[in-house]
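The values are calculated or read from the model by the stated rules, or taken from the named source; none is laboratory data. Not measured: the values here are computed from a predicted model. Cβ coordinates were reconstructed from backbone atoms using ideal geometry, including for glycine residues, and neighbour counts include every protein chain displayed.
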């Protein structure tokens, strides 16, 4: 019994990682919080299901964030920098005309704002990432996004 306990303790110690895991090797984890007032013209589009906005405020994400109203007082927020290469002059994604997808102008990678999923993933052996997700909540007319 003592041997089993010792083996279990060694296994648990070896499996622990004290370092913080980065969700994406290309994007740094940036702590921020922003409140979006839906009564302001900049964010009023978020009152309607399926509409999204780009928020490019300084200190909000790496290259800003996209926020979309997914319905039933639910919002999704994602990093605006393309998740499949390091931030660069072309890595800030652009909101498509449908307001539900974004495209990276560097290589025309397309992502869905409802899920963050990479839509036109190349069929090769490389590893690709979906969009970097940020926590969001609503209280009255204020949508709060944080990391």
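Please verify whether the stretch 69-77 includes one or more residues that are in a loop (DSSP other than H, G, I, E, B) and over 20 Å from residue 34 (Cα atoms). Within the stretch 69-77, one or more residues are in a loop (DSSP other than H, G, I, E, B) and over 20 Å from residue 34 (Cα atoms). Pairing each residue of the stretch 28-56 that is at negative phi with any residue that is assigned to a strand (DSSP E or B) and loosely packed, with under 12 Cβ neighbours inside 10 Å, provided the two are 6+ apart or on different chains, yields C-beta distances under 8 Å for 49/71.
Being modelled with pLDDT under 95 and surrounded by 17 or more Cβ atoms within 10 Å (Cβ to Cβ) holds for only one residue in 8, 4, 27, 14, and it is 27.
The listed residues are 125, 108, and the only one of them that is loosely packed, with under 15 Cβ neighbours inside 10 Å, more than 22 Å from residue 33 (Cα to Cα) and at pLDDT below 95 turns out to be 125.
Step by step: first the residues of the stretch 61-70, then only those that are under 13 Å from residue 134 (Cβ atoms) and touching a residue at least 40 places away in the same chain (Cβ under 8 Å), then the one that is surrounded by the most Cβ atoms within 10 Å (Cβ to Cβ). Which residue is that? Selected residue: 68. With respect to the conditions (1) in contact with a strand residue (DSSP E or B) (Cβ under 6 Å, 6 or more places away or on another chain); (2) surrounded by fewer than 21 Cβ atoms within 10 Å (Cβ to Cβ); (3) within 16 Å of residue 130 (Cα to Cα); (4) without any contact (Cβ under 8 Å) to a residue 60 or more places away in the chain, residue 100 lacks only one, and its number is (1).
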